[in-house]
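Written below as structure tokens is the structure these notes are about.
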Amino acid sequence: MQTKKIMLRPRALTAAIALAVLASGCANMTETQKSVAVGAGVGAAAGALIGQGKGAAIGAGVGALGGYIWSQNMQQKKVEMEKATAGTGVQVSQTADNQLKLSIPSDISFDTGSAVIKPSLQPVLNQFAQGLNNQPNMLVTIVGHTDSTGTDAINNPLSVNRAASARDYLVSRGVSMQRIQIDGRGSHEPIADNNTDAGRAKNRRIEIFLAEKA
């Protein structure tokens, strides 16, 4: 019986890799989706070598997501943030690489041309910060964005300053600065039409990412 078990594991490995390769060849898949499919198959194969279904599931998560996992803690954090931001216009989602993403629009975050946090953003950041000190494996990235009004010389530092303001607020709530990375993209990553007032308002935003290392 022992010999039979050893022989089955390479078959599971081969099958998982073959499935990933097959999935990666689907015509309608983006390059990112193909990479995730391959990663999931290789990760599942590694988990299969552990010999249990649970191991395969763990392997799939690590293989597909580039070092991030979607744990029960992450799911609970997502539920908490959805409740905390209900009705505010903040979008809470799980990214393809298993990060929790908050897309925060300008009407509750910053005035036009300003990097000063509005009072309406503070409860969102308070909820986000809550519990992070008890979850040392989690990392935070904050990315600032502007609309296309003005030049890069204005918008690029403004986007960074907005991210820095959100970081400094989280630090004031007890989150270690060493766990937070910031970046600014200026007006270069719009999510709406910059030719309309409504579109520009959507583009003036910050995005906060929470990731748990595998």
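Quick note: the coordinates plus some simple rules give every number you see, no bench work behind them. Worth saying up front: this structure is predicted, and the values here are computed from it rather than measured. Cβ atoms come from the backbone with ideal geometry, glycine included; neighbour counts cover every protein chain shown.
In nm, what is the difference between 0.36 nm times the number of residues separating SER114 and ALA153 and their Cα-Cα distance?
Extra length from SER114 to ALA153 when fully extended: 12.6 nm.
Output the pairs from LYS78/LYS118; LYS77/LYS101; LYS78/LYS202; LYS77/LYS118; LYS77/LYS202; LYS118/LYS213 with a Cα-Cα distance over 20 Å in this structure; if there are none, say none.
Long pairs (Cα-Cα over 20 Å): LYS78/LYS118; LYS78/LYS202; LYS77/LYS118; LYS77/LYS202; LYS118/LYS213.
What's log10 of I(q)/I(0) for the stretch 83-149 at q = 0.24 Å⁻¹, Debye sum over Cα points only, no solvent?
The Debye formula, applied to the Cα set alone, gives -1.26.
Report, largest value first, the span of the C-alpha coordinates of the stretch 74-214 along each principal axis, in whole Å.
Projected onto the principal axes, the Cα atoms of the stretch 74-214 cover 42, 30, 28 Å.
Once the Cβ-Cβ distance between ASP197 and GLN122 is put in as r, and R0 is 25 Å, what FRET efficiency do you end up with, to the nearest 0.05?
0.45
What is the gain in length, in nm to one decimal, between LYS213 and THR95 on full extension, counting 0.36 nm per residue of separation less the C-alpha to C-alpha distance?
41.0 nm
Which Rg and Dmax, in Å, describe the Cα atoms of the stretch 103-182?
Answer for the stretch 103-182, Rg first and Dmax second: 13.0, 41 Å.
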